[in-house]
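Participant: Structure incoming, see below.
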Amino acid sequence: MSTTRRSSATRIRKEISNAARVLASSKPAPLEQAIRQMVGMPNKRITKAPAAPSPIEELFALHVRADKLPAPAREYQFDLQRKWRFDFCWPERRVAIEVEGGIHSGGRHTRGAGFEQDARKYLAATLAGWCVVRVTGKMVRDGSAIAAARELLTRHR
């Protein structure tokens with residue numbers, strides 16, 4: 001291995017080591033603190049990212065942009081005591097859209113414990129003053145989900 005390659009490899013290993021030390025430190029970096037404030041988790045360490053959005057959620061996001069609606073917060077944690085998140089929401093208007101997946105595949109949201117947890121989540125959100133609308137993939141594809149979002153954002157100004 002040439003001297004240049006060895007020094008590059010050493011430099012890269014050193015940068016990775018420094019990054020790992022920063023990530024493992026007990027005190028969050030300023031950027032992480034800012035992100036936690038933005039997503040409503042001011043006192044929690046970010047340990048893992050939320051799950052990647054589903055294709056149907058991405059389609060709904062595309063509809064929001066095409067319809068020129070205000071940009072929604074995504075994966076917004078509305079209850080700091082629980083890990084409950086909304087797929088899409090407009091916090092200043094207290095409007096949330098939940099895109100329900102797994103309906104035809106028997107996913108978590110359609111089975112006992114998952115269904116129960118979702119019902120508790122929606123009850124807590126409603127009692128906290130949120131307007132929560134659940135939509136299916138079919139509703140996203142046929143346009144009724146974006147029509148509902150448009151109507152709700154008009155009503156909740």
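The values are calculated or read from the model by the stated rules, or taken from the named source; none is laboratory data. Quick caveat: nothing in here was measured; it's all calculated off a predicted structure. Methodologically, a virtual Cβ is constructed for each residue, glycine included, from the backbone with ideal geometry; neighbour enumeration extends over all protein chains shown.
Participant: Can you confirm whether residue 92 is surrounded by fewer than 13 Cβ atoms within 10 Å (Cβ to Cβ), in a loop (DSSP other than H, G, I, E, B) and modelled with pLDDT of 70 or more? Talk me through it step by step, then tell me what you get.
Facilitator: Details: surrounded by fewer than 13 Cβ atoms within 10 Å (Cβ to Cβ): yes; in a loop (DSSP other than H, G, I, E, B): yes; modelled with pLDDT of 70 or more: yes.
Here the answer is yes, as residue 92 does meet what is asked.
Participant: Out of everything in region 54-72 that is outside any helix (DSSP H, G or I) and touching a residue at least 24 places away in the same chain (Cβ under 8 Å), what residue ends up being surrounded by the most Cβ atoms within 10 Å (Cβ to Cβ)? Outline the logic, then answer.
Facilitator: Narrowing region 54-72 to residues outside any helix (DSSP H, G or I): 54, 67-72.
Filter once more, so that each one left must be touching a residue at least 24 places away in the same chain (Cβ under 8 Å): 54, 67, 69-70, 72.
Numbers: 54: 14, 67: 13, 69: 16, 70: 9, 72: 21.
Among those that are outside any helix (DSSP H, G or I) and touching a residue at least 24 places away in the same chain (Cβ under 8 Å), it is 72.
Participant: Modelled with pLDDT of 95 or more and not β-branched (Val, Ile, Thr), is that true of residue 130? Full working, then the answer.
Facilitator: Working: modelled with pLDDT of 95 or more: yes; not β-branched (Val, Ile, Thr): yes.
Taking the combined requirement at face value, the residue satisfies it.
Participant: State whether one or more residues within region 78-87 are of a type in the set (Lys, Arg), in the same structural domain as residue 134 (by TED's automatic domain parsing), in a loop (DSSP other than H, G, I, E, B) and modelled with pLDDT under 95. Walk me through how you get there before you give the answer.
Facilitator: Going through region 78-87, the residues of a type in the set (Lys, Arg) turn out to be 82-83, 85.
Retained after the next criterion (residues that are in the same structural domain as residue 134 (by TED's automatic domain parsing)): 82-83, 85.
After this cut, where a residue has to be in a loop (DSSP other than H, G, I, E, B) as well, the list is 82-83.
Now drop any that are not modelled with pLDDT under 95, which leaves 82-83.
Yes: region 78-87 contains one or more residues that are of a type in the set (Lys, Arg), in the same structural domain as residue 134 (by TED's automatic domain parsing), in a loop (DSSP other than H, G, I, E, B) and modelled with pLDDT under 95.
Participant: Collect the residues in region 134-157 that are over 16 Å from residue 57 (Cβ atoms), assigned to a helix (DSSP H, G or I) and basic (Lys, Arg), keeping them in residue-number order.
Facilitator: Result: 150, 155.
Participant: Sticking with this structure for a sec: From the residues in region 114-157 that are among the aliphatic types (A, V, I, L, M) and out of contact with any strand residue (DSSP E or B) (no Cβ under 7 Å at 6 or more places or on another chain), which one is nearest to residue 66 (Cα to Cα)?
Facilitator: Looking at the filtered set, the residue picked out is 146.
Participant: Go through region 115-133 and give me each residue that's of a type outside the set (Phe, Trp, Tyr) and in a helix (DSSP H, G or I). Before you say what the answer is, go through the steps one by one.
Facilitator: Initially, region 115-133 is screened for residues of a type outside the set (Phe, Trp, Tyr), giving 116-121, 123-129, 131-133.
Within region 115-133, 116, 117, 118, 119, 120, 121, 123, 124, 125, 126, 127 meet the criteria.
Participant: Look at region 127-157 and say how many of its residues are small (Gly, Ala, Ser) and more than 21 Å from the chain's Cα centre (by Cα).
Facilitator: Of all residues in region 127-157, those small (Gly, Ala, Ser) come to 128-129, 137, 143-145, 147-149.
This time we only want the ones that are more than 21 Å from the chain's Cα centre (by Cα), so: 143-144, 147.
Qualifying residue count, region 127-157: 3.
Participant: Modelled with pLDDT under 85, within 15 Å of the chain's Cα centre (by Cα), not assigned by TED's automatic domain parsing to the domain that holds residue 134 and not aliphatic (A, V, I, L, M): is that true of residue 30 in this structure?
Facilitator: So residue 30 fails the test.
Participant: Test residue 36 against the stated conditions and say whether it is out of contact with any helix residue (DSSP H, G or I) (no Cβ under 7 Å at 6 or more places or on another chain), surrounded by 12 or more Cβ atoms within 10 Å (Cβ to Cβ), at pLDDT below 75 and farther than 26 Å from residue 101 by Cβ. Give the steps one after another, and end with the answer.
Facilitator: Working: out of contact with any helix residue (DSSP H, G or I) (no Cβ under 7 Å at 6 or more places or on another chain): yes; surrounded by 12 or more Cβ atoms within 10 Å (Cβ to Cβ): yes; at pLDDT below 75: yes; farther than 26 Å from residue 101 by Cβ: yes.
It is true that residue 36 is out of contact with any helix residue (DSSP H, G or I) (no Cβ under 7 Å at 6 or more places or on another chain), surrounded by 12 or more Cβ atoms within 10 Å (Cβ to Cβ), at pLDDT below 75 and farther than 26 Å from residue 101 by Cβ.
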